[in-house]
Amino acid sequence: MIRPCRQQDLEQIWDIINDGASAYKGIIPEDRWSEPYMTREKLHSELEDGVVFWGYELDGALLGVMGVQNVLDVTLIRHAYVRTSQRRCGFGGMLLRHLEKLTTRPVLIGTWADASWAIHFYEKHGFRLAPAEATEQLLRRYWKVPARQIETSVVLFREKGSENLAIG
């Protein structure tokens with residue numbers, strides 16, 4: 001079942017993010033990796049900045065989480081992770097489809113340029129890569145990320161609804 005996450009889910013959210021993010025170790029630039037990948041303080045900061053997490057729950061346990069954040073005129077998909085043991089079961093796709101239905105705004109997704117499996121996942125679900133010349137502008141406008149992360153990230157979008165974003 002897909003449901004909004006609650007305050008009492010924070011520890012599970014944190015655990016799922018760090019478990020799922022383990023796939024990035026050795027893939028993303030070394031200077032962008034940390035243990036844990038996301039600290040509890042960073043998770044709280046993301047919530048304070050308006051990221052709302054939804055989860056896929058089965059038998060009382062969260063198996064995957066995905067955040068949404070409305071920024072200016074778009075909705076960002078943020079921190080999309082599934083427990084390592086539950087990958088390739090369709091939970092991420094179900095969460096993504098559900099969250100897309102919750103907004104009428106264009107949806108943007110940022111991820112690491114070297115995370116080919118993540119890019120493929122989003123492309124499989126109808127998103128496409130923004131041209132390189134638009135990526136930096138989009139990341140600076142809609143995300144709060146350091147310059148180094150901008151250099152090493154990509155943005156994905158859907159054609160439908162993104163006409164006014166000057167993506168190209």
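The values are calculated or read from the model by the stated rules, or taken from the named source; none is laboratory data. What you see is a predicted model; the values in this text were computed from it and never measured. Cβ placement follows ideal geometry from the backbone for every residue including glycine, while neighbour counts extend to all protein chains displayed. Ligands, DNA and RNA are stripped out before the accessible areas are found, and what is left, the full protein with its side chains, is counted by its heavy atoms. Shrake-Rupley method; radii C 1.70, N 1.55, O 1.52, S 1.80 Å.
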(request) Can you bin the range 107-168 into rounded, prolate or oblate? Criterion: square roots of the alpha carbon gyration tensor eigenvalues sorted a ≥ b ≥ c, rounded for a/c under 1.5, prolate for a/b above b/c, oblate for the rest. (result) oblate
(request) At 1.4 Å probe size, with no ligands or nucleic acids counted, give the accessible surface of residue 152 in Å², nearest ten. (result) 20 Å²
(request) Could you name the aspartates and glutamates whose alpha carbon sits less than 15 Å from that of residue 25, not counting residues in the same chain fewer than 8 places away? (result) 35, 114
(request) Give the calculated FRET efficiency between residue 133 and residue 11 to the nearest 0.05, with a Förster radius of 35 Å applied to their Cβ-Cβ distance. (result) 0.30
(message) Under the rule of at least 5 residues apart or a separate chain, name every residue whose amide H is placed under 5 Å from the amide H of residue 113.
(response) 153, 154
(request) Quote the accessible area belonging to residue 91 in square angstrom, nearest 10, computed with a 1.4 Å probe and with ligands, DNA and RNA left uncounted. (result) 20 Å²
(request) Would you compute, from DSSP H runs of 4+ residues alone, the mean residue ellipticity of the chain at 222 nm, taking -39500 (n - 2.57) per run and dividing by the full residue count, rounded to the nearest 500? (result) -10000 deg cm²/dmol
(message) So if I take the centroid of the Cα atoms in the range 100-168 and the same for the range 1-15, what is the distance between those two points in Å?
(response) 25 Å
(request) Straight distance only, please: which aspartates and glutamates reach the Cα of residue 144 with their own Cα at less than 19 Å, same-chain residues fewer than 8 apart left out? (result) 31, 41, 46, 48, 49, 73, 133, 136
(message) Between residue 73 and residue 34, what is the label-point separation in nm under the 7 Å Cα-to-beta-carbon projection?
(response) 3.4 nm
(message) How large is the accessible surface of residue 24 in square angstrom, using a 1.4 angstrom probe and rounding to the nearest 10?
(response) 20 Å²
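Mean separation of Cα pairs under 8 Å and 6+ residues apart, divided by the residue count of the chain: what relative contact order is that in percent? Mind dumping the intermediate values first?
Working: 235 pairs, mean separation 33.8, N = 168.
Relative CO of the chain lands at 20 percent.
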